[in-house]
4 protein chains.
Amino acid sequence: MLIVMKSGSTREDVDRVRDVIQGLGYESQALPVAERLAVRVSEYAREPSCELFETLPGVDLVLPISHPVRKVGRLARSEDTVLRFGSREVGSGGFTLVAGPCAVENEEQILAVARSVRDAGADMLRGGAYKPRTSPYDFQGLGEEGLKLLALARKETGLPVITEAVDEASVELAEEYADVIQIGARNMQNFALLKRVGRSRRPLLLKRGMSATLEDLLLSAEYLLDAGNPNVILCERGIRSFSDHSRYTLDLSIVPVLERLTHLPVFVDPSHASGHRSSVAPLARAAMVAGADGVMIEVHPDPSLALCDGPQSLRPEEFAALAASLKSLAPFMAEQRETVP
Amino acid sequence: MLIVMKSGSTREDVDRVRDVIQGLGYESQALPVAERLAVRVSEYAREPSCELFETLPGVDLVLPISHPVRKVGRLARSEDTVLRFGSREVGSGGFTLVAGPCAVENEEQILAVARSVRDAGADMLRGGAYKPRTSPYDFQGLGEEGLKLLALARKETGLPVITEAVDEASVELAEEYADVIQIGARNMQNFALLKRVGRSRRPLLLKRGMSATLEDLLLSAEYLLDAGNPNVILCERGIRSFSDHSRYTLDLSIVPVLERLTHLPVFVDPSHASGHRSSVAPLARAAMVAGADGVMIEVHPDPSLALCDGPQSLRPEEFAALAASLKSLAPFMAEQRETVP
Amino acid sequence: MLIVMKSGSTREDVDRVRDVIQGLGYESQALPVAERLAVRVSEYAREPSCELFETLPGVDLVLPISHPVRKVGRLARSEDTVLRFGSREVGSGGFTLVAGPCAVENEEQILAVARSVRDAGADMLRGGAYKPRTSPYDFQGLGEEGLKLLALARKETGLPVITEAVDEASVELAEEYADVIQIGARNMQNFALLKRVGRSRRPLLLKRGMSATLEDLLLSAEYLLDAGNPNVILCERGIRSFSDHSRYTLDLSIVPVLERLTHLPVFVDPSHASGHRSSVAPLARAAMVAGADGVMIEVHPDPSLALCDGPQSLRPEEFAALAASLKSLAPFMAEQRETVP
Amino acid sequence: MLIVMKSGSTREDVDRVRDVIQGLGYESQALPVAERLAVRVSEYAREPSCELFETLPGVDLVLPISHPVRKVGRLARSEDTVLRFGSREVGSGGFTLVAGPCAVENEEQILAVARSVRDAGADMLRGGAYKPRTSPYDFQGLGEEGLKLLALARKETGLPVITEAVDEASVELAEEYADVIQIGARNMQNFALLKRVGRSRRPLLLKRGMSATLEDLLLSAEYLLDAGNPNVILCERGIRSFSDHSRYTLDLSIVPVLERLTHLPVFVDPSHASGHRSSVAPLARAAMVAGADGVMIEVHPDPSLALCDGPQSLRPEEFAALAASLKSLAPFMAEQRETVP
């Protein structure tokens, strides 16, 4: 950290800054920068908070040098984190296709979707039993009954199951019935929940909040790793912007940036981001060639009757076409990974 | 709800739409609109979800007519909701001044702040014992110890206490020690938490999420009223935008809109929104004359040593000047309320 | 257009609305909608402005039914607009690769870039002679001298040239020296300039403004077609959002939406959007598979010495790798276009 | 400027950075920062662009120290810029009330508005003769005829006139007929226009673009002062955000920040920002107590018949009530300015 003093700052101002640094257990060094003075905090790896200095008299700028991210960063671990589900791997260079309905509605629906997406080539099944809904009057999910149906679908199809948990009780149930516990966008900064699932033995999927910066996302993942759970997938699902032609603005350019900064696998959810069925396939392909490790796609046997998010759900035959299209892109991406450093 | 069909839609398309409407228990009526047909859903008060129709063949537009908000709206209750704390009232036309540190740090700090803000004219004391922090490595609050210190400060000063709860356990403790339970911006759509505090006997303060639309905010409040708790204060605290001169963008123009749409009191938190001490007083005054029922101001005896949010905290003497300034504006606002319809 | 009256509206209110409609030269019809009345404006193709009715007494909602876009929409012209430059076509199903420096700096630089991008497979050359720069103290471009150098580079390489014009004088010069006139993001709503280039005989490339909605973009293109110029390419180049890991947020999901709504070709500029060299190739590939008709890529022989936008410019060898990568994706996209309706 | 090298950077990397610095005519100095090296560029007042260094091998961070703003900053001039129009002053501590219709429509309309706002206490008259409209099919203004009507209204009422210019031709006419030339939000980065009006002898009002950062706004003003025109008023008029309850999001917290950073007067336009008549008065009052030097208010004799922006226009009697309300706040603000440093 470098603390740059104002032009007119006094010797006393500089001493006060250095006293605070010392009081926090760091060492400091005074440096001339332009016609002004700067104070350097010596330890690089873990810096004190910038805020502590910004309000001291005479201080002009506080420039952090180290990054607040630790365990999720490439500095902490250079090789990619890989998750294994039986013979399936996530994050090892292949592409993971997750599909399923927004919400589990009944046995017939979830089994129909599960079979159709497995047949089309999906690698995992998604489905919500606890649905965070903007309105209290909307369908809130089947709860434990939904989890049991997901477990049944897994037994029928062999597909590992991803499902969302929203509190202590649903985490415990999800641990029992599911393979991956999802933390939804609206709970990305529900730190009590992050601490709880960070202690879970189940792999986690952490969706980016719709107002989360890159750093916010990485620090929420840091909560998970810091609590002891190394098996975390990040998921971009669209952010809030003024742009009103899609439900959220899919921030696809975060994918190559995350690839560079973190060793965790990165998924993309084009269904929730766009909100329009006809945009899902183009955006899923775009996510793949931008370097994502997987996509999550909503599929419903009859979207017009879906209890939740019908307009963005693909019909089974549309999903099959998308899956085939992604499969035909796979050799291209495999080649890219080899030739491009 | 009005469902407008495409120009080339068929008789069959229209029948299918009307069948779905009937299947949901509503009646319908076909209307000619321009050279096209429209189908009207008859019951006004509670409409089916638009999404159910948007994907049916032949449908062009689905136009909702009723508003999804029920209990928090002026239609449900035209007179203002008023909260009472001893002789103090919130929402009855006066202006409530809430002040205190971001986080409770120790007995000396909280008592010093509590006394100074009471002497300056504050109506309530704020202070965090459970702090949602972006990084797991930042100070997370003193927990129950912090709540006990807040209760002590209340005993010393007579000021009612507002404090944040973040999960089941902290809600139970906050119910025991505090007068108002705050739901923070990051938990505005933590629906499990909303359902829990909606069952609390304590009044609630619900902060707007940084990516929440007006409707999102009202519907989160709807969760609270729907669960049985009518004593809810809304609080604007800044949204995420590209504008980078302040920490968040204070969306002050939501105040007159909320005033019109809901009977709940509306507070503004200029401290978290701006992130800069020097902007707090101008924005607090602006909130008052825009019609807010109160403001929440961060105050710290020595901001440069604050464990959290120092740069936005006022020093006690700065807060006293702001409180005096707001008091001198009060007669003006009282007159406004009488003369302006 | 449908005008929905409030529950308590009077006969007089309805009559007043119908009088205004008649005064504007339209016919109207009263309809019962739910327990309320609605007034329908009869002519579909061109509606009066909604604003005219929103403020009349008794009016609750004004619902537009027709879309403000006319000439750029698929309704006005269902087949794709195709631009031809010698043997090259834009918008006819192939993929156009535009490359070149942000700014023309000198003869050596522009010729070196032009030759290298032609050899790598670029279809057109881009380069700025009039640069809109945020600061008056930054390099503003070489002006006419830059245009002459671009014309020289075209002569040397055979590549058609795209360059930006910013006012009357530069439009006239660009018409003389260049093949396509670009209107930059900051001038997307400079309507005086739009009217001027709308009368030009040269094809146009219109960049989306960083705060432009889909409708804003289409209506700016409407200015161009309405002024008589049918040869317009639209270009997504990133919007302003809170997300700070990239310079702008590339809104790639607008591509399939534009594809659906307009017959004009759509390009994407990942260089300006991301601002980081390492993200350009993944985003260019993503643009291609999302359905864009082309991309614009910044290339500089030595980005560290570029007078403008160095950090986002590819080195010639990096561009060659990207061009090869896009070429290997082309058969995939050709197949997609055939199999997917 | 401070350039921080990566941990593994070589002596050669550092030398290359220092060579580039020298080549640009600056001096440099190597400094140890934490376990890494930094290079300091010696001249403080005008730094080279950060971008030039960000891409050099071995460079980790480039930290600017000086601010790109020169002539509009408080460093360049500490006392406030004051504009004088006869006996009226803008920026000298009073509050300027600008009012008038969005567009000049005809003689009767503009004279009626001008008289009513003068009688209510307005200081200046606003009215558009050249209207930048999103759609080419909307009313574009009366052109020179409108300017003549504004001049007539000035003659009748004595109010100085503010009107927008959009290109070379309209600037010349506005110079002839008006007292202040407005550059609209959509032209804030139309640098050709800025250079032209920067050479005008008329005072200027520069509206903030809807995607402009604080720095963008200041640098656009810098174009004006750099071209020789020192008489510039800045105007906040709302930015684009996701928040959809108002037309734009009024970023009122920029007011105290501008007050701190620049000597130029700052106006606020709550009419265009909110888009709703009922929010205009609360936001105008809020602007005043936040420290703005003036507000611009749209007034129309019959908003329901306005050719432009009717829903946000106040009726004359509503404007008179607002003007009275602002006048009664004036003594409060005068006292504030004296007591608060």
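The values are calculated or read from the model by the stated rules, or taken from the named source; none is laboratory data. Fair warning: this is a prediction, and the values are worked out from it, not measured in the lab. Here the Cβ is made from the backbone with ideal geometry for all residues, glycine too, and neighbour counts use every protein chain on show.
Within region A:188-197, not a single residue is at pLDDT 95 or above and in a strand (DSSP E or B).
Listed by first and then second residue, the pairs with beta-carbon distance under 8 Å, at least 6 apart or on different chains, first residue in region B:1-18 and part of a loop (DSSP other than H, G, I, E, B), second aliphatic (A, V, I, L, M), are B:M1/B:V41; B:M1/B:V62; B:M1/B:L63; B:M1/B:I65; B:K6/B:V59; B:S9/B:L37; B:S9/B:V59.
Any chance you could count how many residues in region D:238-256 are in contact (Cβ under 8 Å) with a residue 40 or more places away in the chain and either hydroxyl-bearing (S, T, Y) or farther than 16 Å from B:H245 by Cβ (or both)? Counting residues in region D:238-256 that are in contact (Cβ under 8 Å) with a residue 40 or more places away in the chain and either hydroxyl-bearing (S, T, Y) or farther than 16 Å from B:H245 by Cβ (or both) gives 1.
Per-residue answers, yes or no, for (1) free of Cβ contacts under 8 Å to residues at least 60 places away in the same chain; (2) under 16 Å from B:H300 (Cα atoms); (3) not basic (K, R):
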residue	(1), (2), (3)
B:L111	yes, yes, yes
B:V117	no, yes, yes
B:R126	no, yes, no
B:Y137	yes, no, yes
B:L142	yes, no, yes
B:L149	yes, yes, yes
B:E164	yes, no, yes
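Only a single criterion out of (1) touching an Asp or Glu at 6+ places or on another chain (Cβ under 7 Å); (2) without any contact (Cβ under 8 Å) to a residue 12 or more places away in the chain is not satisfied by C:Q182, namely (2).
Looking at region A:187-194, is at least one residue touching a residue at least 60 places away in the same chain (Cβ under 8 Å) and not acidic (D, E)? No - not one qualifying residue is present in region A:187-194. Filtering D:S304, D:S278, D:S271 for residues that are farther than 30 Å from A:S211 by Cα, of a type outside the set (F, W, Y) and assigned to a helix (DSSP H, G or I) leaves a single hit, D:S304. Quick one: how many residues across region B:239-268 are within 14 Å of chain D (Cβ to nearest Cβ) and not in a loop (DSSP other than H, G, I, E, B)? Matching residues across region B:239-268 total 13.
Filtered by the rule that a residue be touching a strand residue (DSSP E or B) at 6+ places or on another chain (Cβ under 7 Å) and not hydrophobic (A, V, I, L, M, F, W, C), region B:305-339 gives B:D309, B:Q312, B:S313, B:P316. Taking the stated definitions as given, is A:D167 in contact with a Ser or Thr (Cβ under 8 Å, 6 or more places away or on another chain) and either within 11 Å of chain B (Cβ to nearest Cβ) or within 23 Å of B:A227 (Cα to Cα) (or both)? Taking the combined requirement at face value, the residue does not satisfy it. Any chance region C:64-73 includes a residue that's under 30 Å from C:N231 (Cβ atoms), touching a helix residue (DSSP H, G or I) at 6+ places or on another chain (Cβ under 9 Å), modelled with pLDDT of 75 or more and outside any loop (DSSP other than H, G, I, E, B)? The answer is yes; a qualifying residue exists.
Within region B:184-238, the residues that satisfy the criterion of being over 21 Å from B:L252 (Cβ atoms) and away from chain A (no Cβ under 11 Å) are B:V197, B:R199, B:S200, B:R201, B:R202, B:P203, B:L204, B:G228, B:N229, B:P230, B:N231. As a summary of the residue check, B:A273 satisfies the conditions (1) at the interface with another protein chain (Cβ under 8 Å from one of its Cβ atoms); (2) farther than 22 Å from B:V232 by Cβ; (3) in contact with a Ser or Thr (Cβ under 7 Å, 6 or more places away or on another chain) except for the one numbered (2). Contact map, region D:282-298: residues that are in contact (Cβ under 8 Å) with a residue 60 or more places away in the chain paired with residues that are among the basic types (K, R) and not in a helix (DSSP H, G or I), Cβ distance under 7 Å, separation 6+ or inter-chain. Pairs shown: D:M296/D:R126.
Under the condition of being buried (at least 24 other Cβ atoms within 10 Å of the Cβ), in contact with a helix residue (DSSP H, G or I) (Cβ under 6 Å, 6 or more places away or on another chain) and outside any helix (DSSP H, G or I), the residues counted in region C:123-160 number 5. Applying the selection to region D:278-312, what residues are over 25 Å from B:L258 (Cβ atoms), at pLDDT below 95 and either more than 7 Å from every other protein chain (Cβ to nearest Cβ) or surrounded by 24 or more Cβ atoms within 10 Å (Cβ to Cβ) (or both)? Once the filter is applied, which keeps residues that are over 25 Å from B:L258 (Cβ atoms), at pLDDT below 95 and either more than 7 Å from every other protein chain (Cβ to nearest Cβ) or surrounded by 24 or more Cβ atoms within 10 Å (Cβ to Cβ) (or both), region D:278-312 yields D:H300, D:P301, D:D302, D:L305, D:A306, D:L307, D:C308. When the residues of region D:313-340 are filtered to those that are modelled with pLDDT under 85, more than 10 Å from every other protein chain (Cβ to nearest Cβ) and under 25 Å from the mean Cα position of the chain (by Cα), the one that is surrounded by the fewest Cβ atoms within 10 Å (Cβ to Cβ) is D:R337. Only residues that are among the small types (G, A, S), closer than 24 Å to A:G184 by Cβ and not in a loop (DSSP other than H, G, I, E, B) were counted across region A:83-122, and they come to 4. Restricted to region D:307-337, and to residues there that are touching a residue at least 40 places away in the same chain (Cβ under 8 Å) and part of a loop (DSSP other than H, G, I, E, B), the residue that is farthest from D:P270 (Cα to Cα) is D:L307.
For D:R133, state whether it is of a type outside the set (S, T, N, Q), closer than 21 Å to C:L217 by Cα, under 17 Å from the mean Cα position of the chain (by Cα) and within 13 Å of chain C (Cβ to nearest Cβ). Reasoning before the result, please.
Numbers: of a type outside the set (S, T, N, Q): yes; closer than 21 Å to C:L217 by Cα: yes; under 17 Å from the mean Cα position of the chain (by Cα): no; within 13 Å of chain C (Cβ to nearest Cβ): yes.
When the stated conditions are applied, D:R133 does not pass them.
Output the residues belonging to region A:170-183 that are more than 9 Å from chain B (Cβ to nearest Cβ) and within 17 Å of A:R126 (Cα to Cα). Walk me through it before giving the result.
Quick first cut of region A:170-183, residues more than 9 Å from chain B (Cβ to nearest Cβ) only: A:171-183.
Once the filter is applied, which keeps residues that are more than 9 Å from chain B (Cβ to nearest Cβ) and within 17 Å of A:R126 (Cα to Cα), region A:170-183 yields A:V171, A:L173, A:A174, A:E175, A:E176, A:Y177, A:A178, A:D179, A:V180, A:I181, A:Q182, A:I183.
Among the residues of region D:252-261, those identified as at pLDDT 95 or above and in contact with a Gly (Cβ under 7 Å, 6 or more places away or on another chain) are D:V255, D:P256. For region D:76-93, a residue qualifies if it is crowded, with 16+ Cβ neighbours inside 10 Å and free of Cβ contacts under 8 Å to residues at least 12 places away in the same chain, and exactly one does: D:E89.
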